[in-house]
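Following: one structure in C-alpha cells, then a few remarks.
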Amino acid sequence: MGRMENKPIMESEQIFPVVPLRDVVIFPSMATAILVGRQPSVNAVERAIETDKILLVITQKNPTDNDPGFEDLYRVGAIVRIGLFFRLPDGTIKLMLEGVSRVRVRDFKQMENYLAATVVPIEEEDAMTREVEALTRKVEALFTDYVRMNHRVPNEVLLSLQAIDDRSQVADTVAAHLMIRNDVKQRLLETVSLEERFMMLSRILSEELEILRVEKDIDEKVSNQVQKSQKELFLHEKMKVIRDELGHGDEMEVYHELKRKIRKSGMPREAQKVAFKELERLRMMSPMTPEATVVRNYLDTLIALPWNARTKDNLDIDDVKKKLDADHYGLTKVKERILEFLSVVKLVNNLKGPILCFVGPPGVGKTSLGRSIADATGRRFVRVSLGGTRDEAEIRGHRRTYIGSMPGRIIQGLKTAGTKNPVFLLDEIDKLSSDFRGDPSAALLEVLDPEQNKRFSDNYLEVEFDVSEVMFITTANVMYTIPPALLDRMEIIRLPGYLLPEKIKIAEKFLLPKQLREHGIRQDQLTLSEPTMKEIIQKYTRESGVRNLERELATICRKVARKLASETPAGKIRITKKNLENYLGIPKYSESEIDRKISVGVGTGLAWTEAGGEILNIEVTLMPGKGELILTGQLGDVMQESAKIALSYARTRARILDLGNDFFSTIDVHIHVPEGAIPKDGPSAGVVIGTALVSAFFDIPVRRDIAMTGELTLRGKVLPIGGINEKAVAALRAGVKILLLPRGNEKNIKELPDEVRKKMKIIVVESMDEVLEHSLTRKLDWGVKHRKRIGGFFGDQAPKSAN
C-alpha cells in the first residue's frame, strides 16, 4: 500500500501511462475508486506507481470491448493522481484516484507491456459573466432538487458543493454525481466553454427531475396498490375465518371451481373479463342472498355455452345424398341446395352457415327435413317453435335486472346443442306476432343476417356471441306474413304439395313401415296393396302433405293390432278396396273435387292457401231485381273488387252482343263462393268470376274439366299471379284436364312437376276473350245479335243460341 504525494498540474505536452475505463467517466477534482484487472492496465498502473503516480484515464466507446485499440478510446480524458492502492490476491489492483485536469490526446503509443499517450492540457474558459453566474445558480438549484429526489446521491455532496468557489469545479462536481449515460458525461468532459457546459447541465437536470417525478408517482401508485392488496388479503383471510365459523367454508371451493371452469371454457377475452368480474362480486356476497343466486346462474350459463365446441361436418357428398334420399322422397331442390353448401365448405373450409326458408303447406316434411339435414351433415339439431311468439325477449333474452331473467331462445338452443355449429330450425316463422313488449321479427333481423350474426348480442349475456357458423333453417306456410326485411335475409325454397304417385311412394317407404313399428306389427302380418293405398289417398284424405294420410294408416294399424291381440288372433291380414270401409269407415271425399255435371254460371278456379293449393268453385245466379250485385261466401276486399271488375267486363261483353239497354236494370246478380264459413281473398279469382258471369248472362255452360286462375283488368287483360305450383298440383289432384294460366306465368310452367305437365293440358292466355274461347261449351258469335231471354223472370222471348 502506498500514500498519495502532491505533484504540480502539468503545464506542457507530456507522456502518461493510459488506463482505459469501461463504465465510468472521471472529471477533474473528482475522487473515485476503481478496480484494474486487465494486464495492460495493471502494467500501466505499476509504471505510474514506480514514477510519479500520475495516470491518464480515458473512457472506452464500447464498454464490452476487452481489448480496445486506439480508435476505440475517446480523445479527451483526465489526468488523475493515485492516492491509496491495494493489490488483491487475484492480481487486480484497487485504486483511489483524484482527478487533476482535462487533457486532449495528441497520439497513442504502444509501450512494451502497456499503453501510453502524449497529451496536451486543455485551457478552460473561466469568464465570470452574468450569464455564467445565472446559469451557475440555476444548476445549483436544480442539482439541490435532484439530490433531494434521488436517494442514490448522498446529501453531503450539497455541503461540499457550497464550499467550492471555482465555477468549472462546480460544473464538474455536478456532472460527476449525475446518474446519466457515459456518452453524455463524455460530452460534458469535452465541453471547454463554461457557459455551454452549464447550459448542458441545466437541460440534463431538468429532464432528470421530470423523470424522477414520474418515478415518484409510479412508486406512490405501486405503494398504494401494494397496501390495498395487503388490505384485501387481510380482509379476505378474515372473511374466510368468518365463513368457516358460519359453516360456509365450501364457498371458496366453489369459487375456485368456477374460476377454473371459466379459464377452460374457451370464451373470448371480453367475455372472460365480464365473467371474472361477476365471480369477484359473487365471492364478496353472502350465498344466502337472492343476488348471489342470480350471479351464479349467470356464470353457469356463460360457462355452459359452446364458445369453441364444434362438430365436424360430414363432407362425403355421396354419403350425405344417400342419407337425405333415405329419409325423404323427392324434394330435389332442397337436397341439391344442401349438397351445394357442403361442397363449398369442403373446398373453402371457412363458410358462414346458410339461412334457408322452407315454404310449403302443412305436412310436406319441412320440420322433419331439417332434422334429416342435421343427421346427414353430422351436426346437432335444435328446433325452436316461433308460432305465437310475441315478445322480443323470447329471442334476445331478458336483462338480468328482472326476476327470473333468462337468455333468449337462440342462446338457450345453442347451450342445449353444446356446439356452435348446429342445424337450428326456427319453426313457423310466418306466425310471429308483436305487441307492446316488442317485435320478435325485428330481433331476428340480427340473428339471420350473415353480416351481423358474428357478434350477436343477447340481453341476458351482455357479451357478444358468434352464431355465424350455425345453419339456420326457417319454415313457413306462407310468405306474405313475413316482414320484407326478414324475408330478404333468407333463401326461399318452396316445397309444393305431393302428387298422388309421390304420396303412394312416401306411404310405402316411410309412413306405413313407421306405423307398423310403432304398433308392434310385423310386415308379414299386414298386406296393403298399391291400389288400396291409392283408394285411401283419394277418398279418405284431401291435403297437400301426408299428415292426414299417416293418421289414416295409424287407424288401420290400431284395428289390425286389436285383431292380432285378440284371444283368437287372425293370421295374415290383407286390406283391399272391398274391406277398406271396415277399417276407415265410409269414404270422406269423392274421387274428384269438381262437379262433372255441366251447369250455367258455374266456373272452377284455383286458390292458394296456407294448406297449399285448393279448388275454388264460383257460382253465379241471375234474378229479377234492380241491378244490384250480391256477394256471399266471406269474400275479402280484394276479391270483392275482382268480382266488381269481372261484372263490369261481363256487362261490356253483354252490350256488344246487345242484351238490351234495360237488361241490367231489371236483374240482380248474385255471386257465391261455396264453403261460406271460410274467409277468401285475393285477385286470382277474377278470371273465373268473369267466366261464370258471361256464362250466366248468355246461358252458355262452362266446361267442367277446365280450371283457371288469373287477375282480370277492366280491359279484359289477364295478369300473372302467384302460387302456380301449388295451384297446378291441386288442379291435377281434383281431376282437372285443362289448366288456363296467365301468359305472364308461362315461365313458371317449366318448374311444375313432370306429372302435372304430362297429365294436364296447360294453356296460357293474355285476354279474357281467350279464356272464354277455351272455357265455354259454345263459342260466342260476335256477329249475331242476342235478344232478351224469354221465360222465367226475363220476359216472353228467349234468345237463340249462338253457335
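The values are calculated or read from the model by the stated rules, or taken from the named source; none is laboratory data. None of the values given here were measured: they were computed from a predicted structure. Virtual Cβ from ideal backbone geometry, glycine too; neighbours counted across all protein chains shown. To get the accessible areas, we keep the full protein, side chains included, count just its heavy atoms, and leave off ligands, DNA and RNA. Shrake-Rupley method; radii C 1.70, N 1.55, O 1.52, S 1.80 Å.
Observations, loosely collected:
- Scanning the stretch 381-392 turns up at least one residue that is over 20 Å from Met490 (Cα atoms) and surrounded by 18 or more Cβ atoms within 10 Å (Cβ to Cβ).
- Of all the criteria given as (1) of a type in the set (Phe, Trp, Tyr); (2) under 29 Å from Met179 (Cβ atoms); (3) crowded, with 20+ Cβ neighbours inside 10 Å, the one not satisfied by Tyr114 is (2).
- Taken over the stretch 595-654, the criterion of being over 14 Å from Ile689 (Cβ atoms), outside any loop (DSSP other than H, G, I, E, B) and either at pLDDT below 85 or in contact with a Pro (Cβ under 7 Å, 6 or more places away or on another chain) (or both) is satisfied by Trp608, Thr609, Gly612, Gly613, Glu614, Ile615, Thr652, Ala654.
- For the stretch 205-248, the set of residues classified as small (Gly, Ala, Ser) and modelled with pLDDT under 70 consists of Gly247 only.
- Helices (runs of 4 or more DSSP H) (entirely within the stretch 124-242) containing at least 2 residues that are open to solvent by less than 40 Å² (accessible area, probe 1.4 Å) and touching a Lys or Arg at 6+ places or on another chain (Cβ under 8 Å): 130-149, 167-176, 182-190
- Residue among Arg75, Arg102, Arg47 that alone is touching a residue at least 12 places away in the same chain (Cβ under 8 Å), open to solvent by less than 20 Å² (accessible area, probe 1.4 Å) and among the charged types (D, E, K, R): Arg102
- Qualifying residue in the stretch 753-762 (condition: surrounded by fewer than 16 Cβ atoms within 10 Å (Cβ to Cβ) and part of a strand (DSSP E or B)): yes
- Pair list, Cβ < 9 Å and 6+ apart or interchain, from the stretch 212-233 residues that are charged (D, E, K, R) to residues that are surrounded by 10 or more Cβ atoms within 10 Å (Cβ to Cβ): Arg213/Met149; Glu215/Met149; Lys216/Met149
- Sole exception among (1) surrounded by fewer than 21 Cβ atoms within 10 Å (Cβ to Cβ); (2) modelled with pLDDT under 85; (3) touching a strand residue (DSSP E or B) at 6+ places or on another chain (Cβ under 9 Å) for Asn453, by number: (1)
- In the stretch 330-353, the qualifying residues are those that are in a loop (DSSP other than H, G, I, E, B) and not polar (S, T, N, Q), and the one that is farthest from Val463 (Cα to Cα) is Gly330.
- Hits in the stretch 562-580 - residues which are exposed (fewer than 13 other Cβ atoms within 10 Å of the Cβ) and either at pLDDT 90 or above or not hydrophobic (A, V, I, L, M, F, W, C) (or both): Arg562, Ser566, Glu567, Thr568, Pro569, Gly571, Lys572, Arg574, Thr576, Lys578, Asn579
- The stretch 441-463, residues that are of a type in the set (A, V, I, L, M) and within 8 Å of the chain's Cα centre (by Cα): Val447
- Failed criterion for Leu461 (all others in (1) buried (at least 21 other Cβ atoms within 10 Å of the Cβ); (2) touching a strand residue (DSSP E or B) at 6+ places or on another chain (Cβ under 8 Å); (3) farther than 26 Å from Arg733 by Cβ; (4) touching a residue at least 60 places away in the same chain (Cβ under 8 Å) hold): (2)
- Screening Gly378 against (1) more than 20 Å from the chain's Cα centre (by Cα); (2) closer than 22 Å to Glu462 by Cα leaves a single unmet condition, (2).
- On the stretch given as the stretch 304-329, residues that are over 19 Å from the mean Cα position of the chain (by Cα) and assigned to a helix (DSSP H, G or I) total 11.
- Of all the listed residues (Val132, Val139, Val174), the sole one being farther than 19 Å from Ser29 by Cα, among the hydrophobic types (A, V, I, L, M, F, W, C) and in contact with a Leu (Cβ under 7 Å, 6 or more places away or on another chain) is Val132.
- In the stretch 272-281, the count of residues that are in contact with an Asp or Glu (Cβ under 9 Å, 6 or more places away or on another chain), within 23 Å of Leu235 (Cα to Cα) and surrounded by fewer than 16 Cβ atoms within 10 Å (Cβ to Cβ) is one or more.
This table checks each residue for (1) touching a helix residue (DSSP H, G or I) at 6+ places or on another chain (Cβ under 7 Å); (2) at pLDDT 85 or above; (3) surrounded by 13 or more Cβ atoms within 10 Å (Cβ to Cβ).
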{"residue": "Leu486", "(1), (2), (3)": "yes, yes, yes"}
{"residue": "Tyr498", "(1), (2), (3)": "yes, no, yes"}
{"residue": "Ile504", "(1), (2), (3)": "yes, yes, yes"}
{"residue": "Glu535", "(1), (2), (3)": "no, yes, yes"}
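- Cross-chain or 6+ apart pairs with Cβ under 9 Å, the stretch 739-759 first and among the small types (Gly, Ala, Ser), then not in a helix (DSSP H, G or I): Gly744/Gly710; Gly744/Val718; Gly744/Leu719; Gly744/Pro720; Gly744/Ile721; Gly744/Val764; Gly744/Glu766
- Every residue from the stretch 391-412 that is in a loop (DSSP other than H, G, I, E, B) and without any contact (Cβ under 8 Å) to a residue 12 or more places away in the chain: Thr401, Tyr402, Ile403, Gly404
- Annotation: Asn297 fulfils all but one of (1) modelled with pLDDT under 85; (2) open to solvent by 60 Å² or more (accessible area, probe 1.4 Å); the unmet one is (1).
- Positions within the stretch 68-102 being closer than 15 Å to Ala48 by Cβ and touching a Phe, Trp or Tyr at 6+ places or on another chain (Cβ under 9 Å), in sequence order: Ala78, Ile79, Ile93, Lys94, Leu95, Met96, Gly99
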